[in-house]
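The values are calculated or read from the model by the stated rules, or taken from the named source; none is laboratory data. All of these numbers come straight from a predicted model, not from anything done at the bench. All Cβ positions, even for glycine, are placed from backbone atoms using ideal geometry, and neighbour counts span all protein chains on display.
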Amino acid sequence: MTNQFKILVVDDEKNIVDVVKAYLEKESYEVITAMDGEAALSIFNEEDIHLIVLDLMLPKITGEEVCTKIRATSSVPIIMLTAKADENERIEGISMGADDYLTKPFSARELVVRVRALLRRSYRDASPMADILIFNNGDLEVDIKKMIVKKQGKAVSLTTNEFKVLTILLTNPGQVFSRDQLVEKAFGMDYEGFDRTVDTYIKNIRHKIEDNPKEATYITTIYGMGYKFISS
């Protein structure tokens, strides 16, 4: 029996691919592999991928380019692998859209733990929902599995955290969530941010999905209480 999550592992070193694949499959994840950036993008565009383990040093198309191209349309969780141990390299990787970062050589067991934690955070409330949610006759379309958001047919790029907040709201239409509740549901009790960070996420989401962010029709503010999503 397979897990509901499908993971794409991308690395040009076959021994690493084989080990990571074996460990993840032992956890009942479905694993697809690629050994260059071009193949990785092709697979991502054809499959419902829930998380990517992505090496930076890839042939044909670099891991950095793969990450940038995916982030242009999707907030799918990405764990980067690299032989570069320099702090600036790690910061750059996170800045371009990675959600986590492991330096080679790494422990396959640690990678599995990070995969499990990132999937749990990213898809906390998504499993009971339909794969694709459509609002206002197609004005807004959200693919829960691929973490893709489209506004009037055009893909918009949300960060992973923005997508988490949006998912909590749109999967519970009409329900008012306080900042504390959104933090707990989207990120868990161990989240190191603070409740006012949610205001920033809401502001960014509105700029991406609303016709007029100042007169929001999807995410409305309930003063003194929090936010709610209105579907129609």
Which pairs have Cβ atoms under 6 Å, sit 6 or more apart or on different chains, and link a residue in the stretch 183-203 that is surrounded by 15 or more Cβ atoms within 10 Å (Cβ to Cβ) and modelled with pLDDT under 70 to one that is of a type in the set (Lys, Arg) and assigned to a helix (DSSP H, G or I)?
Asp195/Arg179
Quick check, is Ser95 hydroxyl-bearing (Ser, Thr, Tyr), within 25 Å of Lys145 (Cβ to Cβ) and modelled with pLDDT under 90?
no
What is the number of the single condition among (1) modelled with pLDDT of 90 or more; (2) among the aliphatic types (A, V, I, L, M); (3) surrounded by fewer than 22 Cβ atoms within 10 Å (Cβ to Cβ) that Ala85 does not meet?
(1)
Can you say whether Thr167 is without any contact (Cβ under 8 Å) to a residue 60 or more places away in the chain and either in the same structural domain as Val76 (by TED's automatic domain parsing) or closer than 26 Å to Phe5 by Cα (or both), as far as the supplied structure shows?
yes
Would you check if there is a residue in the stretch 113-131 being at pLDDT 85 or above, of a type in the set (D, E, K, R) and assigned by TED's automatic domain parsing to the domain that holds Val10?
yes
Looking at Thr159, is it within 23 Å of Thr68 (Cα to Cα) and either at pLDDT 85 or above or of a type in the set (Val, Ile, Thr) (or both)?
yes
Selection count, the stretch 40-60, where residues are assigned to a loop (DSSP other than H, G, I, E, B) and within 21 Å of the chain's Cα centre (by Cα)
5
I need the full set of residues from the stretch 4-39 which are of a type outside the set (A, V, I, L, M), under 17 Å from Thr62 (Cβ atoms) and in a loop (DSSP other than H, G, I, E, B), in order please.
Asp11, Asp12, Glu13, Asp36
Test: residue in the stretch 39-58 that is surrounded by fewer than 18 Cβ atoms within 10 Å (Cβ to Cβ), farther than 17 Å from Ala98 by Cβ and touching a Phe, Trp or Tyr at 6+ places or on another chain (Cβ under 9 Å):
no
Restricting the stretch 216-225 to residues that are more than 24 Å from the chain's Cα centre (by Cα) and farther than 19 Å from Gly138 by Cα, which is modelled with the highest pLDDT?
Thr221
